[in-house]
1. On a full-extension model of 0.36 nm per residue, what is the gain between residue 54 and residue 26, subtracting their alpha-carbon distance, rounded to one decimal in nm?
2. Near the amide H of residue 54, under 5 Å away, which other amide H atoms are found, from residues 5 or more places off or on another chain, if H is placed in the peptide plane?
3. Taking 25 Å as R0, compute the FRET efficiency from the Cβ-Cβ separation of residue 63 and residue 12 and round it to 0.05.
4. With the crude spin-label approximation of a point 7 Å out along Cα→Cβ, what separation in nm comes out for residue 70 versus residue 89?
5. Using +1 at the Cβ of each Lys and Arg and -1 at the Cβ of each Asp and Glu in the range 40-89, identify which of 40, 63, 84 lies farthest towards the dipole's positive end.
6. With each pseudo-label sitting 7 Å past Cα toward Cβ, what's the residue 102-residue 19 distance in nm, one decimal?
Amino acid sequence: MAKARKNPARFDHANNKIILYKWFDEKARSPKNKEFKMLVEYTRSFPTYKIEVREDINTNNNQEHYKGLSYDYMKEYIKRFEPVETRDAVLKELDDKLFISECHSKAYRYPEIKNWFLKKYPEIVNYGMPTVAKNSDEVQEEKDNAVIKIDNAVAENDNATEENETVDPAA
């Protein structure tokens, strides 16, 4: 059985709005569904409120994701790249942070330690990435040039095929 969704609508009392989620709005269009009955109840309860449909949840498309940046990876990175003089102190600091974080939820503790690690080692953000990034115009120009080269190669192949197919009338 599908999991029931909570909070199908939000009430913005300051602006006199009933804000529906898109999935709820789609289901509420049919009088057969319970969502329709709920919407009727909302409009009866707040007759002066306008109905607004929330299209999508706001997401940050520019957010960086560090897949593979685990606690073990952090320890290994410190062992490999931290100078010998400070390596033990930094590993101890990471272990202390891990120990203290155990009393917090996973959703809280990992981001805190990740942020500490990225502040301490900002070079990890570009580790393994190309040093010179091309802008979109350069990439498009390379694609266009590749298409032109392919078109030229196809045209040359077609010409060569036509020359081989022509029959000598003297023969």
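None of the figures in this text is laboratory data; all of them are computed from the coordinates on show. Owing to the predicted nature of the structure, the values given are computational and were not obtained by experimental measurement. Using ideal geometry, Cβ is built from the backbone for each residue, glycine included, and neighbour counts are taken over all protein chains shown.
1. Numbers: separation 28, 0.36 × 28 = 10.08 nm, distance 1.15 nm.
Once the chain is fully extended between residue 54 and residue 26, it gains 8.9 nm.
2. 20, 21, 22
3. Working: r = 27 Å, r/R0 = 1.07.
It comes to 0.40.
4. 3.0
5. Toward the positive end, the furthest listed residue is 40.
6. Once both label points are built, they end up 4.1 nm from each other.
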